[in-house]
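Read the structure below first, then the notes.
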Amino acid sequence: MNSDSSMPTAQRPPAAGDGVLGVSGVTVRFGGLTALDDVSLTAQACQVTGIIGPNGAGKTTLLNVLCGFIRPQSGTISFDGHQLTRLRPHKLARLSIARTLQGSSLFGGLSVVENVMAAAGSQRRAGFWAAMFGVPRSDADERRLRGKAMAALDRMGVADLADDMPSALAHGPRKRVSMARALVSEPKLLLLDEPASGLNESELPGLGDLIRDLATQASVVVIEHRMDLMMSICEQIFVLDFGRVISSGTPAQVQADPAVTAAYLGAAGPAERARDGEEAGDE
Ligand SMILES: Nc1ncnc2c1ncn2[C@@H]1O[C@H](COP(=O)(O)OP(=O)(O)OP(=O)(O)O)[C@@H](O)[C@H]1O
Ligand SMILES: [Mg+2]
């Protein structure tokens, strides 16, 4: 028998599923509405995987399943060789999974760097009382946390905003701070829900470069309505419509798929949907 489980983690050979996200047959119903219908997909390690689809297609629901906010009625999810289906959200940090929310929620009463420190702090091994009162165990602990937070802000290009309050930030910088919060825990799987919402065209190439850079160290799953951005950053894209995967492949393949065009032809074309998505993200 294989004795892997008795070996210390550091000595174990890497498993075949390292850094790979697998979703198989996931169904989520809200009352009579089927938000996800037998969804299966795979996201490869250290690649950018895109999820696109019209409003209400089930994209955010899928991310909520991946991060444990919603438990599917059926189906399985695995990451890095672990079954995630029964995990609660607070366990995900230990599996190195982080996400940003649609919109960008920051704690209004904390400065930018404190917001990022709080995200890093939730991953660290603090003493019970220190964790209880949200205080670092020592000055050295606080310095270390602040250093990590500043490095994450620097990576997102917003280190100069460290001492600002979130209410003073424009939409673009606010998004970057949200991403710094997600990456400060050095996740192996990073889930981004509409990172470009509210950004103007000129900000998109910079965001694309950041997301590509993040994928050098993590598997990245991105939901986004901005097609140009998705076409330029994703290795593969899955298209959802009414909770089903209707197409998947490289950006060029899904762009050329008539089923995708048909899904986007409706009340609004892709351009209108992109604007709608921005508004939804501003909530
Ligand atoms: N908690 C909930 N209770 C009931 N219905 C829900 C809930 N969350 C989502 N839905 C419904 O499930 C469907 C999928 O919603 P979801 O938010 O996943 O779509 P989306 O693809 O993220 O859309 P958007 O592009 O507008 O963000 C929608 O019909 C939505 O109204
Ligand atoms: Mg959504």
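Some observations on this one:
- Residues within the range 41-55 that are closer than 16 Å to residue 245 by Cβ, β-branched (Val, Ile, Thr) and either more than 16 Å from ligand 1 (Cβ to nearest atom) or exposed (fewer than 15 other Cβ atoms within 10 Å of the Cβ) (or both), tallied: 1
- Any pair with Cβ under 7 angstrom, 6 or more apart, that starts in the range 220-248 at a residue that is touching a residue at least 60 places away in the same chain (Cβ under 8 Å) and at positive phi and ends at one that is within 14 Å of ligand 2 (Cβ to nearest atom) and not in a loop (DSSP other than H, G, I, E, B): 243/35; 243/36
- Of the helices (runs of 4 or more DSSP H) contained entirely in the range 182-283, those carrying at least 2 residues that are modelled with pLDDT of 90 or more and within 28 Å of residue 27 (Cα to Cα) fall at 227-233, 251-255, 258-264.
- Residues (on the phi > 0 side of the Ramachandran plot, within 13 Å of ligand 2 (Cβ to nearest atom) and touching a strand residue (DSSP E or B) at 6+ places or on another chain (Cβ under 7 Å)) located in the range 56-83: 58
- Qualifying residue in the range 40-55 (condition: more than 16 Å from ligand 2 (Cβ to nearest atom), without any contact (Cβ under 8 Å) to a residue 40 or more places away in the chain and part of a loop (DSSP other than H, G, I, E, B)): no
- Residues located in the range 186-198, provided they are more than 16 Å from ligand 1 (Cβ to nearest atom) and either more than 30 Å from residue 82 (Cα to Cα) or buried (at least 21 other Cβ atoms within 10 Å of the Cβ) (or both): 187, 189, 190
- Only one of the numbered conditions (1) at pLDDT 85 or above; (2) of a type outside the set (A, V, I, L, M, F, W, C); (3) on the phi > 0 side of the Ramachandran plot is not met by residue 176, and that is (3).
- Which listed residue is within 28 Å of residue 64 (Cβ to Cβ) and either in contact with a Pro (Cβ under 9 Å, 6 or more places away or on another chain) or surrounded by fewer than 20 Cβ atoms within 10 Å (Cβ to Cβ) (or both), from 152, 182, 170: 170
- Enumeration of residues in the range 56-68 that are near ligand 1 (Cβ under 6 Å from one of its atoms) and assigned to a loop (DSSP other than H, G, I, E, B): 56, 57, 58
- Candidate set: the range 199-219, residues that are in contact with a helix residue (DSSP H, G or I) (Cβ under 6 Å, 6 or more places away or on another chain) and more than 20 Å from residue 151 (Cα to Cα); chosen: the one nearest to ligand 1 (Cβ to nearest atom): 199
- Comparison of 75, 53 shows that the only residue that is in the same structural domain as residue 254 (by TED's automatic domain parsing) and either within 23 Å of residue 227 (Cα to Cα) or modelled with pLDDT under 90 (or both) is 53.
- Failed item, numbered, when residue 38 is tested on (1) within 8 Å of ligand 1 (Cβ to nearest atom); (2) modelled with pLDDT of 95 or more: (1)
- Filter pass, residue 28 being more than 23 Å from residue 210 (Cα to Cα) and either part of a strand (DSSP E or B) or outside the structural domain of residue 217 (by TED's automatic domain parsing) (or both): yes
The values are calculated or read from the model by the stated rules, or taken from the named source; none is laboratory data. Everything numeric here is computed off the predicted structure, so don't read it as measured data. Please note: Cβ atoms are built from the backbone with ideal geometry, for glycine as well, and neighbour counts cover all protein chains shown.
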